[in-house]
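Structure first, commentary second.
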Amino acid sequence: MTDVPGPSGDEPAQPGTTNQFRDQYNIRIDQAIPPTSAPPRQVAEQQLRRLQQRFVRPRDINDAYDTLERHNIVFLDGTRGNGRTTAARVLLRELPRGTGVYHEIATVKEGRSPEILSPGLVGEGDRMLLDLSTAAEPLWKQYHDSLLGFHKILVDKRAYLAVVLPHSYADQLSPDFTGYGKPVNRPDELDVVAAHLRAHGVTINRPRTFPPALHDYLAGRPPMRELARLADLILEARRATPPGSSFTDWCNLAVAAKTARAMEVDSFVPGLRKGSQRALLLTVAMLHGAPADVVHRATALLQERLGIPQDDRPLLEHKGLTERLRKVGATRDDTACVRFEKLRYDHAVRRHFWRNMPDLREPLREWVDQVLGLPQLPDIDHSRLVIRFAELCLETDRDDVFRTAAAWAEKRDSKATYPLAAAKLLSWGVQNEDTSQGFRTKIYDWSKSSVTAGLRQVLIAVCARVMSIRHPEQAVVRLHHLARREPHPGHKARDTLLEYVAQDLRLQRYLLYRLFVLPPANPRHRDFDALLFLDLVAVPTRPPHSFLRNPVTREWLTGCWTDVLRRVGSAIWLPCVRQWITSASGSDDPTLIRHALNVLADAAADHYSALRQIYATARTSLSAEAAGLLLSRIHEAQRAGLSRRSKSQEDPQP
């Protein structure tokens, strides 16, 4: 890798344990989000396959598929909650496989983001989703106008695009797309629930045996996402009920958990007069499923934090934990873990205290910090506590979640407990359909500002290992911004960015696009981008071999080489030129060699010293014929440059 501008990276480390601690810290952060066993793109395909297995085909969906396959584009419309976006993903998944890949086009403008639909970013045979279901009118019109010309690109590249329309503006679709708009009807709700259960090995045979309580719940036409959650609840109820219980029992228990728990808790809590009982109730709710000893210790911490007096009687006169748990409707299971007897009672208890006792929120936050630091807290309960607290914060103040994550990222201890919590919190937020956009936007804002060292490490891990699966281009953008602002010494963000894009030629093309089309105003960042380009064209997959065959990406390569020759010393760029020429000359395609040499000649047309060095390098690396070809192209580029300068001098001044 080349060095970024700044002090020498070879300066010796200062004595002490700083570097050792940093290395241990980075390892622990990586453990919070372990790398997947497959590249992010493959993981995304696996997720699509699981989605397809649970998909219930609504009426007339085959017509939408035929339109997409025949015309390379389809516009899907339907009422909110009908599963339009899921239908679009499945239709794209069902298309015949080619060389292209599936990806989702980001619809949120982020600073000087690339043009909305760039032809240069469309690969041969790509399958793309453009979800405009929540787009406001200006964004909808901007995309709609771009799609008129973009459709031809799709046809030329045999690529496919499924567009989810904003329902409010669906009737404004251009006449040019007449016949390409298709409705997504609501699938049968019972079939949706059955499909989710079947995916987990629970088969419901016809005639349907769904109980009245379930029919009543479905009569409210909940969104498809809620039906998936209901199916999960039914499975949870199945595990919570004794052997021999029926499907009807499971459904009744699941529906009650969704519809009646809040009222039950609202009636139950006022009956608990003692602060110690309420502290235990809240602790069990926050640590539901944790070992009994952890719950006991955490309850004592909460009582201490809230100023609730401890029992001052002799220890043998204290009530036992089992008896105290019974008073709040909880028990110890066979594994000595504490749970409520009623399904999803913990959710209702947490929300009751958070909503009804606002003054409790700050002490509860401080208590969560204490509990996360308990050495006996298992990893699984550490994660659950983080997510449960985040869910509560999101109910009242989203910024509060981000402040908490930033504070945890900087709170260091020997096991990096709190940065782990920050990484888990942000990962959960990015993966959660309800919160993903807000979390990705905040991470973007952080990536463009001067963040602390701890938060930087957390953001790098979240982008590379979590955001990369469903939102790969956005992960590239954020890693790029983090890398530009990385303090010296240290190349964690840059190295992670290059390792990530090396797995996917499409992401290499996207990063090249950013380097050419979006040059930063900050000179230091532009210097960094010039060096990053040299690293990009040296990745093991040799992106130039692909990019040189496309006139659009050749233009990007030429522009980036031009910047390199202007901003980087020849001691750095000359070995890269030699590698570029050697790599191209190893190809059996003479056209590829010609394109590679043309790019260099055009980039150095106004830089005589660079032209001379490039030609000298080529003479030692290429055949006489190829070197002569380069010399001819250099002369041509110089004549074009002289012609441009002459014309510029003749033009009258404004």
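If you scan the range 161-180, which residues turn out to be open to solvent by less than 40 Å² (accessible area, probe 1.4 Å), under 25 Å from Gly100 (Cβ atoms) and either in a strand (DSSP E or B) or of a type in the set (Gly, Ala, Ser) (or both)?
Matches in the range 161-180: Leu161, Ala162, Val163, Val164.
Name the residues in the range 216-238 that are farther than 14 Å from Ala256 by Cα and of a type in the set (Ser, Thr, Tyr), would you?
Result: no residue meets the conditions.
Quick one: Val74 ticks every box in (1) more than 28 Å from the chain's Cα centre (by Cα); (2) open to solvent by less than 20 Å² (accessible area, probe 1.4 Å) except a single one, so which number is it?
Checking Val74 against (1) more than 28 Å from the chain's Cα centre (by Cα); (2) open to solvent by less than 20 Å² (accessible area, probe 1.4 Å), the one that fails is (1).
Taking Arg494, is it open to solvent by 30 Å² or more (accessible area, probe 1.4 Å) and over 30 Å from Glu226 (Cβ atoms)?
Values: open to solvent by 30 Å² or more (accessible area, probe 1.4 Å): no; over 30 Å from Glu226 (Cβ atoms): yes.
For Arg494, the condition - open to solvent by 30 Å² or more (accessible area, probe 1.4 Å) and over 30 Å from Glu226 (Cβ atoms) - is not met.
Listed here are the residues, each with its yes/no results for (1) surrounded by 14 or more Cβ atoms within 10 Å (Cβ to Cβ); (2) outside any loop (DSSP other than H, G, I, E, B).
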position	(1), (2)
Pro309	no, no
Asp312	no, no
Leu316	no, yes
Lys319	no, no
Leu325	yes, yes
Arg350	yes, yes
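Only one residue in Gln474, Gln437, Gln457, Gln508 is under 22 Å from Val108 (Cα atoms), in a helix (DSSP H, G or I) and open to solvent by 20 Å² or more (accessible area, probe 1.4 Å), so which one is that?
Values: Gln474 fails: open to solvent by 20 Å² or more (accessible area, probe 1.4 Å); Gln457 fails: under 22 Å from Val108 (Cα atoms); Gln508 fails: open to solvent by 20 Å² or more (accessible area, probe 1.4 Å).
None of the other options fit; the residue is Gln437.
Could we say that Arg158 is at pLDDT 90 or above, within 14 Å of Gly100 (Cα to Cα), surrounded by fewer than 16 Cβ atoms within 10 Å (Cβ to Cβ) and under 28 Å from the mean Cα position of the chain (by Cα) here?
Numbers: at pLDDT 90 or above: yes; within 14 Å of Gly100 (Cα to Cα): yes; surrounded by fewer than 16 Cβ atoms within 10 Å (Cβ to Cβ): yes; under 28 Å from the mean Cα position of the chain (by Cα): yes.
When the stated conditions are applied, Arg158 passes them.
If we keep just the residues of the range 421-438 that are of a type in the set (A, V, I, L, M, F, W, C) and over 9 Å from the mean Cα position of the chain (by Cα), which is farthest from Pro472 (Cα to Cα)? Spell out how you get there, then give the answer.
Filtering the range 421-438 for residues of a type in the set (A, V, I, L, M, F, W, C) gives 421-423, 425-426, 428, 430.
Next, only the ones that are over 9 Å from the mean Cα position of the chain (by Cα) stay: 421-423, 425-426, 428.
Numbers: Ala421: 23, Ala422: 21, Ala423: 18, Leu425: 20, Leu426: 16, Trp428: 17 Å.
Taking the candidates together, the pick is Ala421.
Please specify each residue of the range 407-429 satisfying the condition of being in a helix (DSSP H, G or I), open to solvent by 40 Å² or more (accessible area, probe 1.4 Å) and out of contact with any Ser or Thr (no Cβ under 7 Å at 6 or more places or on another chain). Write out each step before concluding.
Filtering the range 407-429 down to residues in a helix (DSSP H, G or I) leaves 407-410, 417-429.
Add one more test, that the residue is open to solvent by 40 Å² or more (accessible area, probe 1.4 Å), and what stays is 407, 410.
Within the range 407-429, Ala407 is the sole residue that qualifies.
Please list, ordered by first then second residue, the pairs with beta carbon atoms under 9 Å, 6 or more apart or interchain, first in the range 405-434 and touching a residue at least 40 places away in the same chain (Cβ under 8 Å), second in a loop (DSSP other than H, G, I, E, B) and basic (Lys, Arg).
Correct list of pairs: Thr417/Lys411; Tyr418/Lys411; Tyr418/Arg412; Pro419/Lys411; Pro419/Arg412; Ala421/Lys411.
Going residue by residue through the range 387-406, is there one that turns out to be among the basic types (Lys, Arg), assigned to a helix (DSSP H, G or I), modelled with pLDDT of 95 or more and touching a Phe, Trp or Tyr at 6+ places or on another chain (Cβ under 8 Å)?
No, the range 387-406 contains no residue that is among the basic types (Lys, Arg), assigned to a helix (DSSP H, G or I), modelled with pLDDT of 95 or more and touching a Phe, Trp or Tyr at 6+ places or on another chain (Cβ under 8 Å).
Limited to the range 125-153, what total is found for residues that are surrounded by fewer than 19 Cβ atoms within 10 Å (Cβ to Cβ), modelled with pLDDT of 90 or more and more than 19 Å from Asp77 (Cα to Cα)?
3
Cβ-Cβ under 6 Å, sequence separation 6+ or interchain: first residue in the range 436-464 and of a type outside the set (Asp, Glu), partner in a loop (DSSP other than H, G, I, E, B). Which pairs?
Tyr444/Glu110; Ala461/Ile33
Return the residues of the range 152-162 that are touching a residue at least 12 places away in the same chain (Cβ under 8 Å) and out of contact with any Asp or Glu (no Cβ under 8 Å at 6 or more places or on another chain); say none if nothing qualifies. Working first, answer last.
Step one: list which residues in the range 152-162 are touching a residue at least 12 places away in the same chain (Cβ under 8 Å), which gives 153-155, 157-162.
Across the range 152-162, the qualifying residues are Ile153, Leu154, Val155, Leu161, Ala162.
Check the range 364-378 and report whether any residue there is open to solvent by 50 Å² or more (accessible area, probe 1.4 Å), touching a residue at least 12 places away in the same chain (Cβ under 8 Å) and under 14 Å from Met286 (Cα atoms).
As a first pass, look at the range 364-378 and keep what is open to solvent by 50 Å² or more (accessible area, probe 1.4 Å): 366, 370, 375-376.
Imposing the further condition that a residue be touching a residue at least 12 places away in the same chain (Cβ under 8 Å) reduces the set to 366, 370, 376.
Now restrict to residues that are under 14 Å from Met286 (Cα atoms): 366, 370.
Yes, because at least one residue in the range 364-378 is open to solvent by 50 Å² or more (accessible area, probe 1.4 Å), touching a residue at least 12 places away in the same chain (Cβ under 8 Å) and under 14 Å from Met286 (Cα atoms).
Scanning for something open to solvent by 60 Å² or more (accessible area, probe 1.4 Å), out of contact with any helix residue (DSSP H, G or I) (no Cβ under 8 Å at 6 or more places or on another chain) and of a type outside the set (S, T, N, Q), does the range 252-263 turn up at least one residue?
yes
Hey, any hits in the range 470-483 for a residue that's within 19 Å of the chain's Cα centre (by Cα) and basic (Lys, Arg)? Working first, answer last.
Initial filter on the range 470-483 (within 19 Å of the chain's Cα centre (by Cα)): 470-483.
With the extra rule that they be basic (Lys, Arg), the set shrinks to 470, 478.
Taking every residue of the range 470-483 in turn, at least one turns out to be within 19 Å of the chain's Cα centre (by Cα) and basic (Lys, Arg).
Return the residues of the range 271-285 that are open to solvent by less than 60 Å² (accessible area, probe 1.4 Å) and not polar (S, T, N, Q); say none if nothing qualifies. Give the derivation first.
Taking the range 271-285 first, the residues open to solvent by less than 60 Å² (accessible area, probe 1.4 Å) are 271-272, 275-277, 279-285.
Those that are open to solvent by less than 60 Å² (accessible area, probe 1.4 Å) and not polar (S, T, N, Q): Gly271, Leu272, Gly275, Ala279, Leu280, Leu281, Leu282, Val284, Ala285.
Exactly one of these conditions fails for Tyr513: (1) open to solvent by less than 20 Å² (accessible area, probe 1.4 Å); (2) at pLDDT 95 or above. Give me its number.
Failing condition for Tyr513: (2).
The values are calculated or read from the model by the stated rules, or taken from the named source; none is laboratory data. Just so it is clear, the structure is predicted and the values come from calculations on it, not from any experiment. Using ideal geometry, Cβ is built from the backbone for each residue, glycine included, and neighbour counts are taken over all protein chains shown. What goes into the accessible areas is simple: the full protein's heavy atoms, side chains included, and nothing from ligands, DNA or RNA. Shrake-Rupley method; radii C 1.70, N 1.55, O 1.52, S 1.80 Å.
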